[in-house]
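Let me begin by presenting the structure, written as structure tokens, before commenting on it.
Every number here is computed from the coordinates shown, using simple stated rules; none is lab data. Quick caveat: nothing in here was measured; it's all calculated off a predicted structure. Quick reminder, even Gly has a Cβ in these numbers, built from the backbone with ideal geometry, and neighbours come from all protein chains shown.
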Amino acid sequence: MAVASRWRWCRRPRKTGPTRLWLANANTYAGQTIVNEGDLIAETSTALGVEDGTAANGTIVNSVPGGPAGTLAFGGGFTLGNEAVTLNGPGHAGEGALFCGNSGAAPAASFAGPITLATADTAIVAIGSCTLSGPLSGPGGFTLTMTPFYNLAAWC
């Protein structure tokens, strides 16, 4: 399902169910975005509402190995700005809890917000040209799958 209208929430948005949900326009809501199952795909730099780098307005991606699993995905042509993201687990359908990708000649994708690894089994997948430039922290670890170019600007 694609959402082409702007969202203004009085409660925090929560993605459930194994399907994909595309956010195609700028959104102005404040508060956390929670992905419990399926793919939430940000198609603009402001798709996830207020981006102030705080957990209070950030995105939480939850995955249970062998159970419900969520993925936050974004593609090329824009920078997903100062969105704080907390990653829990391996993600949905082998796509990673965070999926950064573009295809063919599409412009590079980049993510500038802080990433918190909350569990030891977190997966990050990058397809095409992708840059992660925000800080990486938390008690967990991660597995990175990449093809062909991935820039860990802040992590080196």
* To do: Arrange LEU23, LEU72 by Cβ neighbour counts within 10 Å, fewest through most, would you?
  => LEU23, LEU72
* Structure fact -> Karplus-derived 3J(HN,Hα) from phi for segment 55-72 (6.51 cos²θ - 1.76 cosθ + 1.60, θ = phi - 60°), whole Hz, x at Gly and Pro, runs 5, 4, 10, x, 10, 10, 10, 10, 9, 10, x, x, x, x, 9, x, 9, 9
* Relative contact order, percent, segment 2-152 [alpha-carbon distance under 8 Å, six or more residues apart] -> 16
* To do: Provide the per-residue ³J(HN,Hα) series for segment 32-39, in order, calculated from phi with Karplus coefficients 6.51, -1.76, 1.60 and θ = phi - 60°, each as a whole number of Hz, with x at glycine and proline positions.
  => 6, 10, 10, 10, 9, 6, x, 10
* Extended-chain gain in nm, criterion 0.36 nm per residue less alpha-carbon gap, ASN25 and THR79 -> 18.0 nm
* Asked: Which ordering of THR119, THR33 is given by a fewest-first count of other beta-carbon atoms within 10 Å?
  -> THR119, THR33
* Least to most buried among GLU37, GLU43 (fewest other Cβ within 10 Å first) -> GLU43, GLU37
* Structure fact -> With 0.36 nm assigned to each residue of separation and the Cα-Cα distance removed, SER137 to THR54 gains 28.5 nm
